[in-house]
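Student: The structure under discussion is supplied below as structure tokens; questions concerning it will follow.
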């Protein structure tokens, strides 16, 4: 989504401190994997320890409505998560962060934290990771799997059906050879529900 040139730019400087002139790594575990929306000069499969991918964020806009909230992914505490890490060139970092703040930080359900990731070639990088804030009112990590399946199967928002978000994530993970048993079970459950 392009930024409104008349709107005030997002103030990411309050949440994230950057070294001037440095490239930035950003970790993607959901829709940013297949639709990053920012220019990047490197892209790698990477492992983040200490957090896992989970449908734990109520979506009132993109994949649901306030009356019928859908679900989107968050990085929740515990376990590990494989995803994609992107390297953004220094000259592109301010524009990329403006875009990311407009997309990911509207309701401040995520906290941008720098965490160490391991690339497949063995290198370690520090990347900005959007971790869910468990204190936020949109956090819903206590839902059981059947409730998650029900919500994803029936909700739709500005960016389309919640099922589309799930399918895109599962297909992208499959293409990358990244197993995620929990998402596979949810995917199978949603398909059964819609059959």
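Student: Those residues that are surrounded by 15 or more Cβ atoms within 10 Å (Cβ to Cβ) and assigned to a helix (DSSP H, G or I), I need them from the stretch 165-178; list them, please. Spell out the reasoning first.
Tutor: Filtering the stretch 165-178 down to residues surrounded by 15 or more Cβ atoms within 10 Å (Cβ to Cβ) leaves 165-170, 172-173, 178.
Once the filter is applied, which keeps residues that are surrounded by 15 or more Cβ atoms within 10 Å (Cβ to Cβ) and assigned to a helix (DSSP H, G or I), the stretch 165-178 yields 165, 166, 167, 168, 169, 170, 172, 173.
To keep it simple, each residue is scored yes or no on (1) within 17 Å of residue 57 (Cα to Cα); (2) in contact with a strand residue (DSSP E or B) (Cβ under 8 Å, 6 or more places away or on another chain).
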site: 85; (1), (2): no, yes
site: 122; (1), (2): no, no
site: 128; (1), (2): no, yes
site: 143; (1), (2): yes, yes
site: 156; (1), (2): yes, yes
site: 180; (1), (2): no, yes
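Student: Okay, moving on. Quick check, is residue 162 under 16 Å from the mean Cα position of the chain (by Cα), touching a residue at least 12 places away in the same chain (Cβ under 8 Å) and surrounded by fewer than 19 Cβ atoms within 10 Å (Cβ to Cβ)? Working first, answer last.
Tutor: Working: under 16 Å from the mean Cα position of the chain (by Cα): yes; touching a residue at least 12 places away in the same chain (Cβ under 8 Å): yes; surrounded by fewer than 19 Cβ atoms within 10 Å (Cβ to Cβ): no.
In short, no.
Student: I've got another one for you. Can you find a residue in the stretch 179-192 that is touching a helix residue (DSSP H, G or I) at 6+ places or on another chain (Cβ under 9 Å), closer than 23 Å to residue 84 by Cα, free of Cβ contacts under 8 Å to residues at least 40 places away in the same chain and part of a helix (DSSP H, G or I)?
Tutor: Looking through the stretch 179-192, at least one residue is touching a helix residue (DSSP H, G or I) at 6+ places or on another chain (Cβ under 9 Å), closer than 23 Å to residue 84 by Cα, free of Cβ contacts under 8 Å to residues at least 40 places away in the same chain and part of a helix (DSSP H, G or I).
Student: Could you check how many residues of the stretch 57-86 are surrounded by fewer than 17 Cβ atoms within 10 Å (Cβ to Cβ), assigned to a strand (DSSP E or B) and on the phi < 0 side of the Ramachandran plot?
Tutor: Final tally of qualifying residues: 2.
Student: Which count do you get for residues in the stretch 10-38 that are modelled with pLDDT under 65, touching a helix residue (DSSP H, G or I) at 6+ places or on another chain (Cβ under 7 Å) and over 30 Å from residue 164 (Cβ atoms)? Don't jump to the end; show me each part of the working.
Tutor: Step one: filter the stretch 10-38 for residues modelled with pLDDT under 65, giving 10-15.
Next, only the ones that are touching a helix residue (DSSP H, G or I) at 6+ places or on another chain (Cβ under 7 Å) stay: 10, 12.
Narrowing further to those that are over 30 Å from residue 164 (Cβ atoms): none.
Residues in the stretch 10-38 being modelled with pLDDT under 65, touching a helix residue (DSSP H, G or I) at 6+ places or on another chain (Cβ under 7 Å) and over 30 Å from residue 164 (Cβ atoms): 0 in total.
Student: Further question: I'm told residue 128 meets every condition in (1) in a strand (DSSP E or B); (2) crowded, with 16+ Cβ neighbours inside 10 Å; (3) out of contact with any helix residue (DSSP H, G or I) (no Cβ under 9 Å at 6 or more places or on another chain) except one. Can you identify the failing condition by its number?
Tutor: In the conditions (1) in a strand (DSSP E or B); (2) crowded, with 16+ Cβ neighbours inside 10 Å; (3) out of contact with any helix residue (DSSP H, G or I) (no Cβ under 9 Å at 6 or more places or on another chain), residue 128 misses (3) alone.
Student: In this structure, is residue 99 in contact (Cβ under 8 Å) with a residue 12 or more places away in the chain and either under 21 Å from residue 42 (Cβ atoms) or touching a helix residue (DSSP H, G or I) at 6+ places or on another chain (Cβ under 9 Å) (or both)? Break it down stepwise before answering.
Tutor: Details: in contact (Cβ under 8 Å) with a residue 12 or more places away in the chain: yes; either under 21 Å from residue 42 (Cβ atoms) or touching a helix residue (DSSP H, G or I) at 6+ places or on another chain (Cβ under 9 Å) (or both): yes.
Yes, satisfied.
The values are calculated or read from the model by the stated rules, or taken from the named source; none is laboratory data. Quantities reported herein were computed from a predicted structural model and do not represent experimental measurements. For neighbour counting, all protein chains shown are included, and Cβ atoms are generated from backbone atoms with ideal geometry for every residue, glycine included.
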